[in-house]
Amino acid sequence: MSSSSPHPWSPVRWAQNGHVRLAFDQLTEGQDGEPLLLATGLGVNRLWVPDGLCRMLAAQGFAVARYDQRDGGESTHLPATATRNPIAALFGKRGEAYTAEDMADDAAAVMDALGWRSAHLLGVSLGGAVAQRVALRHPDRVRTLTSMAAVPGDATGLRTMPYIRLRTLGKFARLTFPDTPEGAVAAGVAVSRLLASPNRPFDEQSAREAAERNADSGVHDQRAQSRQIGAQWHGPPISAITRPTLVLHGEDDPLIKPGAAKAIASRIPGSRLVVLPEVGHELPACSWHSVATELRALAETAHHPPVPPAG
């Protein structure tokens, strides 16, 4: 979650995609850098992206902005649908509320509101799949693509099964907490514990302090999560992605198997896979330096693409 540093972000601003309003803000440091848009994961708001990581990215020459996916944070929440459980929505034949194309268009709308013709993209978890789809649907808007802790963006329904640890997903779906600020804090701690690497001691006090700073009800809003996870992709396969691509994955991810990252990297031409040791389905401080330096290196490949061998 976000650190307690005072006011490192601009006031919230709004982008519009049809009837959906999207909340976003921009780091006040490094605003003259290269545009970098962060897309967050299932249900959670943009404050789950740690400030410490964002500041490291700014130090690497990026102008960092983050946004709430539709049905998350301060962005528009859509009307309830018949599917109320994320597992049922994941394995359903079609989304009931909107498409994955709509979610990709949301990212483009945020770039429009920022005045960015194009940007580097970093998507985590569900945001990683969304970022892959943006690179397919709006390739001219994407300078580089970094997908972290995600499944292949063209895998929907039953085709996601090989990549997901269903036992963890089941635990996630069974979390129930009251719809109160106290319930949101308890849910934040429980989710942080569930998704952390089992090979690092879990710091419950820090997790609770972070949850108290960001009492995000989205971590246990199963109806909103069902709408997000149920959004179906109808576009081309990820093998059609042409943008410079980095695939990051925690070695200890308890939710998405590392095989998902390997599948993405094997199918996107020229992509690079980096496995992060002692990292789960999370963005812990021990990973920030690696993530920031890898994104900087990826950006340099966009500036200076490799020269193909002669002959």
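Laboratory data are not the source of any read-out in this text; all were calculated from the coordinates shown. Fair warning: this is a prediction, and the values are worked out from it, not measured in the lab. Note that each Cβ is placed from the backbone with ideal geometry, even for glycine, and that neighbours are counted across all protein chains shown.
Counting only Cβ charges, +1 for Lys and Arg and -1 for Asp and Glu, the dipole size of the chain around its Cα centre is about 960 debye.
How much length, in nm to one decimal, is gained on full extension between R167 and E212, taken as 0.36 nm per residue of separation minus their Cα-Cα distance? Please list the in-between numbers first.
Working: separation 45, 0.36 × 45 = 16.20 nm, distance 2.76 nm.
Stretched out fully, the R167 to E212 stretch lengthens by 13.4 nm.
When both bridge partners sit in the chain, DSSP labels roughly 30% of those beta bridges antiparallel.
Evaluate the Kirkwood expression for the hydrodynamic radius of the chain, namely the inverse of the mean inverse distance over all pairs of different C-alpha atoms, and round to one decimal in Å. Don't skip to the end; give the middle numbers.
Working: mean 1/r = 0.0521 Å⁻¹.
So the Kirkwood estimate lands at 19.2 Å.
Quickly estimate the mean residue ellipticity at 222 nm for the chain, helices only: each DSSP H run with n ≥ 4 gives -39500 (n - 2.57), and the total goes over all residues, rounded to 500. The partial results should precede the final answer.
Working: 10 runs with 112 residues, N = 311.
That calculation yields -11000 deg cm²/dmol at 222 nm.
Computed over the Cα atoms of the stretch 152-261, the ratio of the radius of gyration to the Kirkwood radius (Rg/Rh) comes to 1.01. For the pair E300 and R21, label points projected 7 Å from Cα toward Cβ lie 4.3 nm apart. A protection proxy built from the mean count of other Cβ atoms within 10 Å ranks the segments 286-295, 133-142, most packed first, as 133-142, 286-295.
Each peptide in 9-17, 109-117, 121-129 gets a packing score, the mean of other Cβ atoms within 10 Å over its residues, and the list from highest to lowest is 121-129, 109-117, 9-17. In this rough spin-label picture, where each label sits 7 Å from Cα along the Cβ direction, the S290-R267 distance is 2.4 nm.
Specify whether the C-alpha gyration tensor of the stretch 228-284 places it in the rounded, prolate or oblate class, a ≥ b ≥ c being the square roots of the eigenvalues: rounded for a/c under 1.5, otherwise prolate if a/b is larger than b/c and oblate if not. Display every interim value, and only then the final one.
Numbers: a/c = 2.48, a/b = 1.33, b/c = 1.86.
Oblate shape, in that a/c is at least 1.5 and b/c is the bigger or equal ratio.
Its alpha carbons give the stretch 214-311 an Rg and a Dmax of 16.8, 59 Å. Listed peptides 217-229, 189-201 appear in the order 217-229, 189-201 once ranked by packing, highest mean of other Cβ atoms within 10 Å at the front.
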